[in-house]
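Note sheet for the following structure.
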Amino acid sequence: MALQATTTTFCFSGPTFRSTPHSLTSKRPISIKATTSSPSRLSNSRSNLKGRALSSDGSTQESPYVVCFGEMLIDFVPTTSGLSLADAPAFKKAPGGAPANVAVGIARLGGSSAFIGKVGEDEFGYMLANILKDNNVNNDGMRFDPGARTALAFVTLTNEGEREFMFYRNPSADMLLEESELDFDLIKKAKIFHYGSISLITEPCKSAHISAAKAAKEAGVILSYDPNLRLPLWPSADNAREEILSIWETADIIKISEEEIVFLTKGEDPYDDNVVRKLFHPKLKLLLVTEGPEGCRYYTKDFSGRVHGLKVDVVDTTGAGDAFVAGILSQLANDLSLLQDEERLREALMFANACGALTVKVRGAIPALPTKEAVHEALLKAVV
């Protein structure tokens with residue numbers, strides 16, 4: 001890959017992010033391994049975890065697993081847009097965390113997904129585990145920590161639905177997942193293994209992330225990467241860029257935003273195909289660039305292009321990119337040959353764009369993720 005990480009100072013020109021690190025517990029974090037069925041607050045009954053999908057001949061078949069790795073947390077979203085956190089009169093509690101959003105998004109679309117990550121052994125942690133279960137996401141890879149809290153994020157919304165973040169995670173349970181706690185059987189039987197970059201920020205989660213991705217790669221699993229830049233969580237912009245790029249060339253599918261292209265290329269034009277191609281490494285199968293309401297661009301070794309998005313009234317953009325990822329991964333999990341067929345890939349990306357568009361119409365991430373029926377209805381209306 002032509003792009004190299006250096007230590008040059010960079011001024012991020014995308015949306016403004018603010019961070020106020022804060023420890024939510026005075027207890028010394030203690031990492032334990034616990035299955036989701038062990039806490040008494042969780043139901044012992046197992047969900048129906050196998051999604052169904054239509055095959056090319058119209059028959060139904062089991063949809064292959066997409067295993068999502070990383071953080072799951074609580075977003076507190078203001079009920080009134082355009083105000084600072086201090087001025088917001090009230091907040092809506094919404095489950096979130098990019099990898100968990102993708103897992104739920106895939107299940108909502110009729111696919112089969114699993115989540116691997118860690119939450120606090122607290123009320124929010126129990127709630128999140130049950131939300132996964134209630135949405136037919138396999139949560140066997142979820143772990144609980146008795147000494148660290150579930151991560152929280154307060155999200156400020158502008159009048160246009162754009163966001164600023166204030167995180168409470170220093171440390172939160174997701175940062176403390178250890179390699180010994182990974183469910184490698186779950187990882188190896190996946191068809192696609194999806195992750196972000198937040199799990200690379202601190203140990204021991206960084207080592208767990210690298211080990212999980214390595215196991216997936218060795219098992220022939222497709223690796224899907226969404227950097228999902230949250231700059232305030234990193235020690236510095238240079239550190240963020242270096243770590244994000246450190247695992248770049250292991251991924252088979254990468255999704256990035258326009259702002260992330262600017263960040264990774266140190267200010268280059270995200271609309272210049274030559275700039276974007278710098279991010280295309282030799283083994284990459286698909287590079288996707290999301291452009292919000294304008295849709296997305298796609299790049300493979302053999303072809304590239306743009307698929308327009310749907311125009312909707314924006315309430316909250318939280319989770320829109322994750323809904324897009326869920327949309328395209330749900331299609332690819334059923335048929336990886338889409339990567340070689342531009343016409344069918346464009347159809348799949350149109351579906352993914354609609355997933356993202358529907359999500360911005362509702363506050364919060366997981367509460368806003370659409371069903372397959374809702375996406376098809378939106379696409380039909382767009383055609384008419």
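Which ones in the stretch 235-260 are buried (at least 21 other Cβ atoms within 10 Å of the Cβ) and over 19 Å from Pro282 (Cβ atoms)?
Ala240, Arg241, Ser257, Glu260
Considering only residues that are assigned to a loop (DSSP other than H, G, I, E, B) and not β-branched (Val, Ile, Thr), which ones fall in the stretch 245-255?
From the stretch 245-255, those assigned to a loop (DSSP other than H, G, I, E, B) are 247, 251-252; that's our starting set.
Passing the criteria: Ala251, Asp252.
Please pick out the residue among Val315, Val375 that is open to solvent by 10 Å² or more (accessible area, probe 1.4 Å), more than 23 Å from Ile261 (Cα to Cα) and in contact (Cβ under 8 Å) with a residue 60 or more places away in the chain. Don't jump to the end; show me each part of the working.
On the way: Val375 fails: open to solvent by 10 Å² or more (accessible area, probe 1.4 Å).
So the residue among Val315, Val375 that is open to solvent by 10 Å² or more (accessible area, probe 1.4 Å), more than 23 Å from Ile261 (Cα to Cα) and in contact (Cβ under 8 Å) with a residue 60 or more places away in the chain is Val315.
Looking at the stretch 286-307, I want the residues that are over 19 Å from Thr265 (Cβ atoms) and have a partner that is open to solvent by 20 Å² or more (accessible area, probe 1.4 Å) and acidic (Asp, Glu) with Cβ atoms under 7 Å, at least 6 apart or on another chain. Which pairs are those?
Phe303/Glu342
Could you tell me whether Pro78 is modelled with pLDDT of 90 or more and out of contact with any helix residue (DSSP H, G or I) (no Cβ under 7 Å at 6 or more places or on another chain)? Spell out how you get there, then give the answer.
Working: modelled with pLDDT of 90 or more: no; out of contact with any helix residue (DSSP H, G or I) (no Cβ under 7 Å at 6 or more places or on another chain): yes.
Considered against the rule, which asks whether it is modelled with pLDDT of 90 or more and out of contact with any helix residue (DSSP H, G or I) (no Cβ under 7 Å at 6 or more places or on another chain), Pro78 comes out as no.
Filter the stretch 245-257 for residues that are free of Cβ contacts under 8 Å to residues at least 60 places away in the same chain and either within 17 Å of the chain's Cα centre (by Cα) or closer than 18 Å to Gly356 by Cβ (or both) and give the result. First the steps, then the outcome.
Keep residues of the stretch 245-257 that are free of Cβ contacts under 8 Å to residues at least 60 places away in the same chain, which gives 247, 250-252, 254, 256.
Ile247, Ala251, Asp252, Ile254, Ile256 - these are the residues of the stretch 245-257 that are free of Cβ contacts under 8 Å to residues at least 60 places away in the same chain and either within 17 Å of the chain's Cα centre (by Cα) or closer than 18 Å to Gly356 by Cβ (or both).
Of all residues being part of a helix (DSSP H, G or I) and open to solvent by 30 Å² or more (accessible area, probe 1.4 Å) in the stretch 115-133, which is farthest from Gly196 (Cα to Cα)? Just the residue, please. Full working, then the answer.
If we filter the stretch 115-133 for residues that are part of a helix (DSSP H, G or I), which is where we start, we get 123-133.
Among the residues that remain, those that are also open to solvent by 30 Å² or more (accessible area, probe 1.4 Å) are: 123-124, 126-127, 130-131, 133.
Values: Glu123: 25, Phe124: 22, Tyr126: 23, Met127: 23, Asn130: 23, Ile131: 21, Lys133: 22 Å.
Only one residue fits best here, namely Glu123.
Does Glu242 satisfy the criteria of being farther than 20 Å from Gln331 by Cα, part of a helix (DSSP H, G or I), out of contact with any Lys or Arg (no Cβ under 9 Å at 6 or more places or on another chain) and of a type outside the set (Gly, Ala, Ser)?
Numbers: farther than 20 Å from Gln331 by Cα: yes; part of a helix (DSSP H, G or I): yes; out of contact with any Lys or Arg (no Cβ under 9 Å at 6 or more places or on another chain): yes; of a type outside the set (Gly, Ala, Ser): yes.
Yes, satisfied.
Just checking, which of Leu264, Leu345 is buried (at least 22 other Cβ atoms within 10 Å of the Cβ), touching a residue at least 24 places away in the same chain (Cβ under 8 Å) and over 26 Å from Gly97 (Cα atoms)? Step through it out loud before you land on a result.
Numbers: Leu264 fails: over 26 Å from Gly97 (Cα atoms).
On inspection, the qualifying residue turns out to be Leu345.
Is there a residue in the stretch 268-288 that is touching a strand residue (DSSP E or B) at 6+ places or on another chain (Cβ under 8 Å), of a type outside the set (Phe, Trp, Tyr), open to solvent by 10 Å² or more (accessible area, probe 1.4 Å) and closer than 29 Å to Ser172 by Cα?
Initially, the stretch 268-288 is screened for residues touching a strand residue (DSSP E or B) at 6+ places or on another chain (Cβ under 8 Å), giving 270, 273, 276-277, 279-280, 284-288.
Retained after the next criterion (residues that are of a type outside the set (Phe, Trp, Tyr)): 270, 273, 276-277, 279, 284-288.
Next, only the ones that are open to solvent by 10 Å² or more (accessible area, probe 1.4 Å) stay: 270, 273, 277, 285.
Filter once more, so that each one left must be closer than 29 Å to Ser172 by Cα: none.
No; the residues of the stretch 268-288 include none that is touching a strand residue (DSSP E or B) at 6+ places or on another chain (Cβ under 8 Å), of a type outside the set (Phe, Trp, Tyr), open to solvent by 10 Å² or more (accessible area, probe 1.4 Å) and closer than 29 Å to Ser172 by Cα.
Assess whether Ala357 counts as being closer than 19 Å to Ser81 by Cβ and at pLDDT 95 or above.
Numbers: closer than 19 Å to Ser81 by Cβ: yes; at pLDDT 95 or above: yes.
So Ala357 passes the test.
For the stretch 198-224, what are the residues that are of a type in the set (Val, Ile, Thr) and within 16 Å of the chain's Cα centre (by Cα)?
Ile198, Ile201, Ile222
Got a number for residues in the stretch 170-185 being open to solvent by less than 40 Å² (accessible area, probe 1.4 Å) and either over 26 Å from Gly111 (Cβ atoms) or assigned to a helix (DSSP H, G or I) (or both)?
6
What residue, among those in the stretch 293-306 that are under 21 Å from the mean Cα position of the chain (by Cα) and surrounded by fewer than 18 Cβ atoms within 10 Å (Cβ to Cβ), is modelled with the lowest pLDDT?
Ranking the candidates gives Pro293 first.
So that you can scan it fast, the table gives a plain yes or no per residue for (1) free of Cβ contacts under 8 Å to residues at least 12 places away in the same chain; (2) not in a loop (DSSP other than H, G, I, E, B):
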| site | (1), (2) |
| --- | --- |
| Arg143 | no, yes |
| Thr156 | no, yes |
| Ile187 | no, yes |
| Ala190 | no, no |
| Glu203 | yes, no |
| Ala216 | no, yes |
| Leu223 | no, yes |
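Inside the stretch 273-298, can you point out the residues that are farther than 19 Å from Gly356 by Cα and either of a type in the set (S, T, N, Q) or not in a loop (DSSP other than H, G, I, E, B) (or both)? Reasoning before the result, please.
Keep residues of the stretch 273-298 that are farther than 19 Å from Gly356 by Cα, which gives 273-285.
Hits for the stretch 273-298 are Asp273, Asn274, Val275, Val276, Arg277.
Confirm whether Asp335 is charged (D, E, K, R) and open to solvent by less than 20 Å² (accessible area, probe 1.4 Å). Quick ask: steps written out before the conclusion?
Values: charged (D, E, K, R): yes; open to solvent by less than 20 Å² (accessible area, probe 1.4 Å): no.
Spelling it out, it is not the case that Asp335 is charged (D, E, K, R) and open to solvent by less than 20 Å² (accessible area, probe 1.4 Å).
The values are calculated or read from the model by the stated rules, or taken from the named source; none is laboratory data. Bear in mind that the values here come from a model prediction, so they are computed numbers and not experimental data. Every residue, glycine among them, receives a Cβ derived from its backbone with ideal geometry; neighbour counts consider all protein chains shown. For accessibility, only protein heavy atoms count, side chains too; no ligands or nucleic acids. Shrake-Rupley method; radii C 1.70, N 1.55, O 1.52, S 1.80 Å.
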